[in-house]
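Down below is the structure, laid out as structure tokens.
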Amino acid sequence: MTTENNSINYAALANTINIEDITSDKANRNVLRNLQNNNPEFTTVYIMNERNVADEEMDGYYPVDGEDMGWLGYFIGQNTKLEEICFLDTIDNELFYKEMSCNKSIKEAQFSMCDLLDGEIFSMLCAFLKNNNSLTKIEVEECEFGAGSSIRQLSLAIANCNKSLQRIDLSCNDNDAGDLVDVITSLSMHPQLKELKLYSMDIGGINECTALATLLRCTTTQLQKLDLSDNTIDDNGIEVLVDALVNGNAKLQYLKLNDNHSITSRGWRIVSTLLESPSCKLELLSIEKNNIGFDGLRFFANSLTNNSTLKRLCVSFVPFAADNRMAPFSKLLCDTSSIMNTYLSNHTLQSFALFDSNYSIRGLPNDIRVNFELNKIVDKGGVAMYKILQNHSHFNMQPFFEWEFKVLPIVIKWFERAATRLHDSFEEKTKKMKVSVIYDFIKEFPMLYIEPITRKEIAEYTALEEELHGDEHKAARLEEVQCCKTRAMRRNQAQLEEIRQLKARAMKRLGMN
């Protein structure tokens, strides 16, 4: 670790310092001026590990031997427009981090392909991480963690970090298996944490999966996105994670499990049960480059039957066979075996990325693509109506006849709503189907249809009778009306008796007395 003269008062010298006296590098001087002048367009600074001629106009600072790095830290610390700092090289200078810790505007801190100095970088950054309430993301990618102390220093830094942290990205770093338990545990201190990426971090042990499960169950966190791709998670680990998602307080919406080849068919069946759970909030599930196959696909097709949250499923498998292996998903999206099954089909899933053994995206059957487009419509009631009218030409009303004419107004109103929601798409078809439904009811219950008409006829005769009563000039007309009314009343009595007998026979068939 390099420590420069601690007696330098950068603040006192800031107004008189000549940038050319700090560094002779043209690009470095440009970066320092932008920082010093608080340039609102200068929002990202890169700490470079090499300088090319083409980089001179880039927002990158390449440390040169002999430079006072404290000045770079000071100008960063005083800047209020900077939003992102990217370390592409290691700065082993305590004064730089001390001066930088005054910054309150940086939102993202990234470390890429750096030597982390056995964790000393995180130790020197502690004051910055603790004091900056704008910081939302920490990314460490392809870095050398070295000894176990690096992980411990990172976990301490995250634990003490300001509670504004929302995203953690640890990807492709050189670390030993099992090292991340403390880091995962420290994340429970961050109530605003929404995204966690642990890509290719050698996660697979039961201890790490248990720590992740505890984090998912934590009631103080808001974790919505979790990427565990390219790890060594096995069936036991995935069972612990799924249990936390099903029975915990998880709010997870995006889950990536790509390239976890230790998960077998048993593990994928366990993952599929997550989609059956009423507590599941997943909108995306990515399980690409795994040993799933067509049998595994059936697990997911069956588990999505009653799922109303998952919008995208990404999976890779061997090329299509000659038979129709996608039939379970066709049925999932639109089961045409009956109107009720069509209504109960999945109206949420919108995308299904399929890849072959060469990881080339494959086409989908036309019916699946059409239903995916339909499922993108926000009005799910309208989607169900469209699928029903698209795939059925006649409503079988037999199952509804036990409610007699009580259900008919409901069915007619459904057609009217469909006509309104779907505009002109099925206008003629809905008219014909509505007439067909009314005909089916009249044919099934002719007396139930005729009897109300007769009662209406009697009411009209009664009103006419009252109007003619007392007018001796219309006595003949009154007598005629009274005769018609009498005949209608006799007919009505006969109809009521027939209806009573029909109901009695129906109840007898149903075993009711």
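Every number in this text was worked out from the coordinates using simple rules, so none of it is lab data. What you see is a predicted model, and the numbers here were worked out from it, not measured in a lab. Here Cβ is always computed from backbone atoms with ideal geometry, including for glycine, and neighbour counts include all displayed protein chains.
Amide H contacts of residue 61: 46, 47, 48, each under 5 Å away and 5 or more positions distant or on a separate chain (H built 1.01 Å from N in the peptide plane; Pro and chain starts excluded). Taking Cβ atoms as reference points and 9 Å as the exclusive limit, the residues near residue 223 contribute a net charge of +2, counting Lys and Arg as +1 and Asp and Glu as -1.
For segment 228-312, averaging the sequence separation of C-alpha pairs within contact (under 8 Å, six or more residues apart) and dividing by the residue count gives a relative contact order of 34 percent.
Shown in residue order for segment 92-107 are the 3J(HN,Hα) couplings computed by the Karplus curve 6.51 cos²θ - 1.76 cosθ + 1.60 at θ = phi - 60°: 9, 8, 5, 5, 4, 5, 5, 6, 5, 5, 7, 5, 10, 10, 5, 9 Hz (x for Gly and Pro).
Charges were assigned to the Cβ only: +1 to each Lys and Arg, -1 to each Asp and Glu. The resulting dipole of segment 203-378 about its Cα centre is roughly 420 debye. Once backbone amide H atoms are built at 1.01 Å from N, residue 395 has no partners under 5 Å, excluding neighbours fewer than 5 places away on the same chain. Anisotropy class assigned to segment 203-378 is oblate, per the alpha carbon gyration tensor with a/c at or over the 1.5 cut-off and a/b no larger than b/c. Overall, segment 106-153 carries a charge dipole of about 360 debye about its Cα centre when +1 sits on the Cβ of Lys and Arg and -1 on the Cβ of Asp and Glu, all other atoms neutral. In this structure, the amide hydrogen of residue 197, modeled 1.01 Å from its nitrogen in the peptide plane, lies closer than 5 angstrom to those of 168, 169, 170, 227, counting only residues at least 5 positions away or on a different chain.
Taking other residues whose beta carbon is less than 12 angstrom from the beta carbon of residue 75, and scoring Lys, Arg as +1 and Asp, Glu as -1, yields +1. Backbone phi angles across segment 333-342, fed through the Karplus curve with coefficients 6.51, -1.76 and 1.60 (θ = phi - 60°), yield HN-Hα couplings of 6, 7, 7, 8, 5, 7, 4, 5, 5, 5 Hz in residue order; Gly and Pro are listed as x. For the residue pairs 98/251; 331/431; 81/256, the C-alpha atoms sit more than 31 angstrom apart in 98/251; 81/256.
Residue-wise HN-Hα couplings along segment 299-308, as the Karplus relation 6.51 cos²θ - 1.76 cosθ + 1.60 with θ = phi - 60° gives them from phi, are 4, 6, 4, 5, 6, 8, 4, 10, 7, 10 Hz; Gly and Pro carry x.
What the pair-distance distribution of segment 85-186 shows, using all Cα-Cα distances binned every 5 Å from zero, is 3, 13, 25, 29, 20, 8, 1, 0 percent.
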